[in-house]
Structures are given as C-alpha cells and as structure tokens.
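These notes concern the structure reproduced below.
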Amino acid sequence: MMSDSRSSIRLSLSEAQPTDWARIVEVLRPFVKDNRMERLSRVVGSRRAGLHLVLENVHDPHNAAAVLRTAEGLGVQHVHIIESVNEFQVQTPPGRGSGGAQKGVAMGCSRWLSIRRYGSSLECVEALRAQGVSVFASDCPPSESDSAEAILAAGGGKVGGEFRHALRTQCPARPLGDLPISTGEVVALVFGNERRGVSSVLLEAADATFYLPMAGFTQSFNISVAAAIMPNPNPSPSPLPNPSPHPNPSPHTNPSPLPNPSPHPNPSPHPNPSPHPNPSPHPNPRSHPNPRPHPNQVAAAIALQAALSTGAFPEGTLSDERQAEVLGRWLLRDVKAARPILRQNGIDLIDF
C-alpha cells in the first residue's frame with residue numbers, strides 16, 4: 001500500500017507491488033559490494049518457480065535445518081510451514097544464542113527462502129490451490145501390511161488407522177517419477193512429522209500421494225542410509241594419539257597402567273583416560289551440533305533431488321517481478337542501514 005506525500009512514500013511490504021520492489025532494489029544496490037551484488041543476482045536468477053516445499057509439524061530443529069539447507073541449495077525458493085501440532089524451529093548455529101534452537105527461521109540459509117506459516121493443514125492447501133499449485137503428499141508405498149489393524153498397531157489410532165487404510169486402498173501412492181506433472185505445472189511436495197508422517201487430512205486433500213521406490217523389502221530409508229547419503233560434517237572423533245591438553249606432550253606414549261608421570265597434573269581423575277576424550281562426564285546426544293539427519297528428512301532431500309532430475313522444474317524460472325521481490329527482501333536484510341537509507345530516498349517502510 002502506497003500513499004504519496006511531499007516528504008516520502010509510505011510503503012507496506014505486505015502489499016508492495018513489483019514496481020515498489022524494483023525501487024527498493026534500485027535504492028539499496030549501491031550500498032552492496034559489487035561481488036556481493038553479483039552473487040545475489042546470480043542466485044535469484046537461478047531459483048526454481050515450479051517447485052514448492054511443504055513441511056507439516058516437523059518436530060526436531062536439526063531436521064528442520066537440514067531440510068531447509070537442502071531446499072535452498074537445490075534452488076527451491078518457496079517453503080510452506082504447517083504448525084498445527086508443534087511450532088517449527090531450526091537449530092541455532094554453534095556460538096549463536098544460548099537456547100540451541102529458536103522460534104523462527106531467520107538463521108543461516110533459511111534467511112534466503114520465502115517462508116510462509118500456517119496454523120492448519122487445510123489452510124496451507126487452500127493457499128497453495130489459490131496460487132494454482134498442485135499438492136503432492138509423501139506416503140508409504142502400497143503394501144499388504146497396510147491393513148487397518150497394522151496401522152492401528154503402529155500408533156495410528158482406531159479412526160486414523162481405518163481412515164488411512166481406506167485412503168491407501170482407494171488412492172494408493174505412486175512412485176515419485178510417475179506423478180502426473182505437466183510441463184510448466186507448479187508443484188508442492190509435502191513431508192510430514194518424523195513419527196506420524198503426513199496427516200490424514202492432508203493426504204485426503206492432496207492431489208496425489210507419492211513414495212520413493214525401494215528395490216528391497218524395506219519401505220523407508222534407515223539411519224545408516226541417512227549417514228551414507230548425507231555424511232555428517234563433524235563425525236565422532238577418532239582415537240587421538242595424545243589426549244593430553246598440554247602444548248608440548250612427550251613424543252612417546254606411556255603403555256604403563258600407572259598414573260601419568262608427566263610433571264603436569266592430569267586433569268582426569270582416572271589414570272588411563274578413554275581414547276575418545278569427552279569433556280562432559282555425561283554426554284548429551286541432543287547437544288551434538290551436527291546430528292545425523294532423521295530418515296524422514298533424508299527422504300525429503302532425496303525426493304527433491306528426484307523431482308528435479310525429471311527436468312520439470314528448471315532453474316531460472318522465477319518471473320522478473322518475483323525476482324525483484326526476492327532480491328529486495330534479501331537487500332533489506334543485507335544492508336544494515338536499509339531503513340534510514342530508504343527514508344532518505346523518500347520510502348518509508350511502515351512494517352520493517
């Protein structure tokens with residue numbers, strides 16, 4: 001929304017038009033280094049307009065961060081977050097903040113994504129349909145074990161188990177590569193909670209359901225596959241040749257079980273510390289800065305890559321208007337003095 005005045009233009013970002021974003025980019029561009037601006041322009045020019053990502057009630061902050069990194073790295077721009085059960089959080093990078101996880105997704109790669117939140121699954125589906133986006137939800141492949149009793153035993157609940165059984169019987173999921181995707185069609189791939197998967201209400205509302213084909217007996221990726229596909233950048237430490245913290249240790253190891261003869265006191269209460277030193281007496285697996293991703297999130301990463309391999313979602317398909325908006329939002333975050341600079345140029349942002 002814009003209103004003309006002699007002093008400035010009052011602008012609401014929530015209702016800004018393409019010409020407004022183009023003006024914001026024009027004003028802020030000189031305050032960004034040339035190589036930085038070139039990179040921003042190159043990245044926004046390679047974004048994919050045809051593929052959206054939907055995450056429904058993802059619980060673990062590590063998983064959330066892993067999926068967002070994958071999506072951003074593959075050129076996906078639009079991410080939709082459903083929080084009908086739990087709030088969406090991403091892991092804070094080491095050294096930032098004290099809580100480990102923060103509400104919101106303005107950290108790391110997620111700051112470059114266009115993220116929209118919803119309070120219910122149907123609200124998200126309706127918003128996507130209003131934009132002409134087809135909704136494809138991930139589900140398990142058809143199986144003889146998909147009886148109502150089996151789903152009930154897996155924790156689906158009596159009503160939920162019967163409903164999912166009926167849904168999978170009448171509209172079975174198909175391999176991702178067999179989805180009816182037309183040329184130029186905009187598609188949203190939906191992934192659900194780590195334990196429950198996509199909700200029944202979203203499965204019913206989706207245009208189709210899909211799964212990742214498996215050649216063996218298993219129907220989903222386990223954690224060993226997760227480690228192989230997405231290796232941990234900080235693996236568990238290997239045995240060190242000298243666990244001593246002193247800067248000048250002896251070049252010879254001491255095989256004797258007697259206490260350390262070094263003149264420096266051994267900080268460990270035990271004479272023979274473990275070859276895997278851990279400063280914490282009670283290591284907490286949740287505190288590891290880079291845990292291995294959950295299989296559900298690995299499936300999301302593989303599904304995105306598989307969808308892109310079909311060629312249906314080429315790079316560089318964001319319209320010029322959308323590119324101007326995305327680039328404008330990036331510059332608002334990148335330029336520290338963006339607000340006063342814009343005011344000096346006659347643009348007053350009332351919601352920034």
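See the values below:
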{"item": "Residue count, the stretch 87-127 (criterion: among the small types (Gly, Ala, Ser), at pLDDT 80 or above and part of a strand (DSSP E or B))", "result": "1"}
{"item": "Failed item, numbered, when Pro30 is tested on (1) modelled with pLDDT of 95 or more; (2) under 30 Å from Glu194 (Cβ atoms)", "result": "(2)"}
{"item": "Qualifying residues in the stretch 128-148 (those that are part of a loop (DSSP other than H, G, I, E, B) and at pLDDT below 85) - the one farthest from Asn193 (Cα to Cα)", "result": "Glu144"}
{"item": "Residue list for the stretch 66-90, restricted to those being touching a residue at least 40 places away in the same chain (Cβ under 8 Å) and closer than 12 Å to Ala301 by Cα", "result": "Ala66, Val67, Leu68, Arg69, Thr70, Ala71, Glu72, Leu74, Val76"}
{"item": "Number of the condition not met by Arg339 [criteria: (1) assigned to a loop (DSSP other than H, G, I, E, B); (2) surrounded by fewer than 16 Cβ atoms within 10 Å (Cβ to Cβ)]", "result": "(1)"}
{"item": "Hey, Glu38 free of Cβ contacts under 8 Å to residues at least 12 places away in the same chain, assigned to a helix (DSSP H, G or I) and either of a type in the set (D, E, K, R) or not assigned by TED's automatic domain parsing to the domain that holds Gly119 (or both) or not", "result": "yes"}
{"item": "Residues of the stretch 182-206 satisfying the condition of being in a loop (DSSP other than H, G, I, E, B), aliphatic (A, V, I, L, M) and either touching a Ser or Thr at 6+ places or on another chain (Cβ under 7 Å) or outside the structural domain of Ala65 (by TED's automatic domain parsing) (or both)", "result": "Val198"}
{"item": "Residues that are under 20 Å from Cys124 (Cβ atoms), in contact with a helix residue (DSSP H, G or I) (Cβ under 8 Å, 6 or more places away or on another chain) and not in a helix (DSSP H, G or I), drawn from the stretch 61-85", "result": "Val76, Gln77, Val79, His80, Ile82, Ser84"}
{"item": "Number of the exception - Ile350 against (1) surrounded by 17 or more Cβ atoms within 10 Å (Cβ to Cβ); (2) of a type in the set (A, V, I, L, M); (3) closer than 15 Å to Ser12 by Cβ", "result": "(1)"}
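For (1) surrounded by fewer than 20 Cβ atoms within 10 Å (Cβ to Cβ); (2) more than 13 Å from Gln323 (Cα to Cα); (3) over 10 Å from the mean Cα position of the chain (by Cα), each residue gets a yes or a no:
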{"position": "Glu38", "(1), (2), (3)": "yes, yes, yes"}
{"position": "Arg42", "(1), (2), (3)": "yes, no, yes"}
{"position": "Leu51", "(1), (2), (3)": "no, yes, yes"}
{"position": "Val58", "(1), (2), (3)": "no, yes, no"}
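The values are calculated or read from the model by the stated rules, or taken from the named source; none is laboratory data. The model shown is predicted, which means the values in this text are computed figures rather than measured ones. With ideal geometry, Cβ positions are generated from the backbone for all residues, glycine too; neighbour counts draw on all protein chains shown.
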